[in-house]
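The values are calculated or read from the model by the stated rules, or taken from the named source; none is laboratory data. These numbers were taken from a predicted model, which means no experiment stands behind them. We place every Cβ from the backbone using ideal geometry, glycine too, and count neighbours over all the protein chains shown.
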Amino acid sequence: MPEHVLVAAFVSAAAGFAALSAFALQMARRHRERFERTVDRSLRGAFLFVDPGSLHRMSMLLAIVITLVAWVLSANPIVAIVAALAAGALPGLAVARIRRRHVDAFRQQIPDLLMLIAGALRAGNGLAQALAGAAAEIAPPARQELALMLREQRLGATLAESLAGLQRRLRVEETALFASALRIGTESGGNVADALESLADATRRKLAIEGKIRALTAQGRLQAWVMTMLPAGVAALLGAFDPEAMRPLLADWRGWVVCAAVALMQVAGFLTIRRLVAIEI
């Protein structure tokens, strides 16, 4: 082969590698920025102040370790890729769960919070004093949310602005009703205590109904997880006790197609069951 052809091939390969490396670095930088922005917003909303950069580095290290372990144990690139994808999704799922638990805990506290504020208003306190008194008596996370609202008002924000911030942090119906009751009551001069007590009673009854619905649909939700994980568990057991039986699925492209189709059907079935047991009130 002529020397100039080899040189051209080498230059082309080097240029392609450089372009691919630049693209990979750009995608990694975008992923890090998006991860840090999402995590920072979610954790700050739950009053957890963790450096998102450190969390991103830890998640990447965890993904690399899990991928290497899966590669060593299985000696199969498909298993390693699946493990890498699962490990990469774990931090985001954990942050979302933390955020959801914070919101759910606040929802459960809303009836008590409303009654505390209403009682303080009936005792002759102003709304600011009622909010401060409720913040001192109620447990987190409602205490943290009220303290942040009061701090914003001391720094110059109006009640409407602090309530709007609360609604942005906690995007649930109960928070919107709570903010609307306070805002309308203060603007129109009506009996805010009566409105808050009525809202507290309605919210308490709604939460009780939601609890009963969750108890009645718990079996269906569990079945969704069991039916989704069962094929993967059976495949793992077969791979451990009879590797030759699983080899056609993992060593041939037709087996990969079958695995992908099964995975898609499992996900579709899981989402269908979850939708069937999800009852909105």
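Within the group A139, A147, A157, A135, which residue is part of a loop (DSSP other than H, G, I, E, B), under 22 Å from A181 (Cβ atoms) and under 29 Å from the mean Cα position of the chain (by Cα)?
Details: A147 fails: part of a loop (DSSP other than H, G, I, E, B); A157 fails: under 29 Å from the mean Cα position of the chain (by Cα); A135 fails: part of a loop (DSSP other than H, G, I, E, B).
Of A139, A147, A157, A135, the one residue that is part of a loop (DSSP other than H, G, I, E, B), under 22 Å from A181 (Cβ atoms) and under 29 Å from the mean Cα position of the chain (by Cα) is A139.
Which of the residues belonging to segment 120-132 are part of a helix (DSSP H, G or I) and either in contact with a Gly (Cβ under 7 Å, 6 or more places away or on another chain) or without any contact (Cβ under 8 Å) to a residue 12 or more places away in the chain (or both)? Lay out the reasoning, then the answer.
Our first condition is that a residue be part of a helix (DSSP H, G or I); within segment 120-132, this holds for 120-122, 127-132.
A120, Q129 - these are the residues of segment 120-132 that are part of a helix (DSSP H, G or I) and either in contact with a Gly (Cβ under 7 Å, 6 or more places away or on another chain) or without any contact (Cβ under 8 Å) to a residue 12 or more places away in the chain (or both).
Of all residues being β-branched (V, I, T) and surrounded by fewer than 20 Cβ atoms within 10 Å (Cβ to Cβ) in segment 139-184, which is farthest from H102 (Cα to Cα)? Just the residue, please.
Within segment 139-184, the first condition is being β-branched (V, I, T), and the residues that meet it are 158, 172, 175, 184.
After this cut, where a residue has to be surrounded by fewer than 20 Cβ atoms within 10 Å (Cβ to Cβ) as well, the list is 158, 172, 184.
On the way: T158: 25, V172: 12, I184: 27 Å.
So, considering only residues that are β-branched (V, I, T) and surrounded by fewer than 20 Cβ atoms within 10 Å (Cβ to Cβ), the one farthest from H102 (Cα to Cα) is I184.
A quick yes/no check of all residues on (1) part of a helix (DSSP H, G or I); (2) at pLDDT below 80:
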| residue | (1), (2) |
| --- | --- |
| A208 | yes, no |
| G211 | yes, no |
| M229 | yes, no |
| G233 | yes, yes |
| G255 | yes, yes |
| M265 | yes, no |
| I279 | no, yes |
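Return the residues of segment 189-206 that are surrounded by 11 or more Cβ atoms within 10 Å (Cβ to Cβ) and part of a loop (DSSP other than H, G, I, E, B); say none if nothing qualifies. Can you show your working first?
Taking segment 189-206 and keeping what is surrounded by 11 or more Cβ atoms within 10 Å (Cβ to Cβ), we get 190-206.
Scanning segment 189-206 gives G190, N191.
With R57, R97 as the choices, which residue is modelled with pLDDT of 80 or more and within 22 Å of the chain's Cα centre (by Cα)?
Numbers: R57 fails: modelled with pLDDT of 80 or more.
Selected residue: R97, the only one of R57, R97 that is modelled with pLDDT of 80 or more and within 22 Å of the chain's Cα centre (by Cα).
Pull out all pairs, ordered by first then second residue, where Cβ-Cβ is under 6 Å, the residues are six or more apart or on different chains, the first lies in segment 81-97 and is more than 13 Å from M58 (Cα to Cα), and the second is of a type in the set (S, T, Y).
Taking only residues 6 or more apart or on different chains, the pairs are A83/T67; A84/T67; V95/S42.
Just to be sure, is A135 in contact (Cβ under 8 Å) with a residue 24 or more places away in the chain, buried (at least 18 other Cβ atoms within 10 Å of the Cβ) and closer than 21 Å to A193 by Cα?
no
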